[in-house]
Amino acid sequence: MTQQQLDAVVEKVSKEFAALYGSEPEGVWQAPGRVNLIGEHTDYNDGFVLPVALPQAARLAVARRADGVVRLHSAQGAGGTVEFTLDSLRPGSVPGWGAYLAGALWVLREQGHALSGLDLHLDSDVPTGAGLSSSAALECALLLACDELFGLGIDRPTLARLAQRSENDYVGAPVGVMDQTASLCCAEGAALFLDTRDLSQRQVPLDLAGAGLALLVVDTRVEHGHADGEYRHRRSGCERAARLLGVPALRDVEDVDAALAALADDEEAQRLARHVLTENDRVREAVRLLDAGEFRALGPVLTAGHASQRDDFRISCPQSDLVVETALAQGALGARQTGGGFGGCVIVLTTPDLAPAIAEAVTSAFASHAWNAPTSFLATPAPGARRVAPTAE
């Protein structure tokens, strides 16, 4: 998105806010969605991840109130304005999309931060249900806005932990901390190499265009849900595997072969552990390749990651598998499902000239199965969450 396009979006959001509430917002904050290059389901195992922020973002116009009332409105939502008081916030008290914003406010109050009421208007172009962290974008935009408006002085890694807690304890989704940290901490033109145990991080330059490459994101339009039983089951299985191995988390396993042998009597725990342990290795290998400028060699790493999701973690779906197979058959360097799984998006590492043909071939393949037509776009590493209006002089 160009600066001119961003200015137009900010002006639209501000005007809609004024029409809704009869006054101008104090500011507009945005937080991006993300794609994860590699490192799925490693974050709640204290492992490593490598996400990039997307240009698509949640943009939130905000103004303070003095009466403890919160009013929420979404340009994409139906049903009008959601209204509640800060004192009434309890887990589950606000349903639907508003729960992610309510949870962010709830967790700040649980931490002892004093807030007044708020008027909020949301406009987001992060696809929902696509595994691109649309929910984390909402939480992070509001937490950053509150931090600045109320002078809370919270650093970004801590904001990420608070966003994770709001989703875990208020919404009830057992997610790790990758999505929130990516939304808050990613840098333009880079992938974020993140250790999810201590949130230590490094920006890894990712100039795909300079390397003659492109990252195609294909939305299968198969929606997934983090709060459902399958995601929770995978997490509990990983925790069981760690207990059987006598380690705090799977990240602490040092001898992979010995660990897998020790889990031979628990086939499911062995499969889940094998994915997490090899996925951590794939993240480290991807970082090594990017540091060395060997971008093309990243392709097989991505494809191996998809095979592990499909065969060991078993979180793929027929649509995601077909995207990967079709893209590789069309000459892609690598492809894998990204996000929590059970649908969502697939990323394809390819060259710019091949990207349109790959997208067309995938659409044709879906049509042959009578599936909903997929959508696609090219991803470029974007900045993390920030205030976009008014901007500093």
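The values are calculated or read from the model by the stated rules, or taken from the named source; none is laboratory data. Remember, it's a predicted structure, so these values are computed and weren't measured experimentally. As a convention, Cβ positions derive from the backbone with ideal geometry for all residues, glycine included, and neighbour counts pool all protein chains shown.
If you check 91, 127 for being in contact (Cβ under 8 Å) with a residue 12 or more places away in the chain, surrounded by 14 or more Cβ atoms within 10 Å (Cβ to Cβ), assigned to a loop (DSSP other than H, G, I, E, B) and in contact with a strand residue (DSSP E or B) (Cβ under 7 Å, 6 or more places away or on another chain), only one passes: 127.
Yes or no, residue by residue, for (1) more than 22 Å from the chain's Cα centre (by Cα); (2) charged (D, E, K, R):
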position: 75; (1), (2): no, no
position: 82; (1), (2): yes, no
position: 115; (1), (2): yes, no
position: 119; (1), (2): yes, yes
position: 128; (1), (2): no, no
position: 144; (1), (2): no, no
position: 150; (1), (2): yes, no
position: 153; (1), (2): yes, no
position: 159; (1), (2): no, no
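Given the conditions (1) surrounded by 15 or more Cβ atoms within 10 Å (Cβ to Cβ); (2) touching a helix residue (DSSP H, G or I) at 6+ places or on another chain (Cβ under 8 Å); (3) among the aliphatic types (A, V, I, L, M), and given that residue 264 satisfies all but one, which numbered condition is not satisfied? Among (1) surrounded by 15 or more Cβ atoms within 10 Å (Cβ to Cβ); (2) touching a helix residue (DSSP H, G or I) at 6+ places or on another chain (Cβ under 8 Å); (3) among the aliphatic types (A, V, I, L, M), the lone unmet condition for residue 264 is (1). Tell me whether the range 32-43 contains one or more residues that are hydroxyl-bearing (Ser, Thr, Tyr), in contact with a Pro (Cβ under 8 Å, 6 or more places away or on another chain), crowded, with 22+ Cβ neighbours inside 10 Å and within 29 Å of residue 191 (Cβ to Cβ). No; the residues of the range 32-43 include none that is hydroxyl-bearing (Ser, Thr, Tyr), in contact with a Pro (Cβ under 8 Å, 6 or more places away or on another chain), crowded, with 22+ Cβ neighbours inside 10 Å and within 29 Å of residue 191 (Cβ to Cβ).
Of 77, 129, all but one fail to be small (Gly, Ala, Ser), modelled with pLDDT under 95 and under 23 Å from residue 181 (Cβ atoms); the exception is 129. Of the residues that sit in the range 335-386 and are aromatic (Phe, Trp, Tyr) and either assigned to a loop (DSSP other than H, G, I, E, B) or without any contact (Cβ under 8 Å) to a residue 12 or more places away in the chain (or both), which one is surrounded by the fewest Cβ atoms within 10 Å (Cβ to Cβ)? The residue in question is 371. As a summary of the residue check, residue 164 satisfies the conditions (1) under 27 Å from residue 315 (Cβ atoms); (2) surrounded by fewer than 24 Cβ atoms within 10 Å (Cβ to Cβ) except for the one numbered (2). Looking across the range 309-334 at every residue that is small (Gly, Ala, Ser) and in a loop (DSSP other than H, G, I, E, B), the one that is nearest to residue 263 (Cα to Cα) is identified as 316. For the range 185-197, does any single residue satisfy the condition of being farther than 24 Å from residue 380 by Cα and either of a type in the set (Phe, Trp, Tyr) or touching a helix residue (DSSP H, G or I) at 6+ places or on another chain (Cβ under 9 Å) (or both)? Yes, some residue in the range 185-197 is farther than 24 Å from residue 380 by Cα and either of a type in the set (Phe, Trp, Tyr) or touching a helix residue (DSSP H, G or I) at 6+ places or on another chain (Cβ under 9 Å) (or both).
Within the range 211-263, the set of residues being under 30 Å from residue 361 (Cβ atoms) and hydrophobic (A, V, I, L, M, F, W, C) comprises 211, 213, 214, 215, 216, 217, 218, 222. Among the residues of the range 136-159, is there at least one that is under 19 Å from residue 84 (Cα atoms), at pLDDT 95 or above and outside any helix (DSSP H, G or I)? Checked against the condition, which is being under 19 Å from residue 84 (Cα atoms), at pLDDT 95 or above and outside any helix (DSSP H, G or I), the range 136-159 yields no hits at all. Does residue 57 qualify as being small (Gly, Ala, Ser) and modelled with pLDDT under 95? So residue 57 does not fit the description; no.
From the list 69, 62, 107, the one residue that fits, being surrounded by 20 or more Cβ atoms within 10 Å (Cβ to Cβ), hydrophobic (A, V, I, L, M, F, W, C) and over 29 Å from residue 40 (Cα atoms), is 62.
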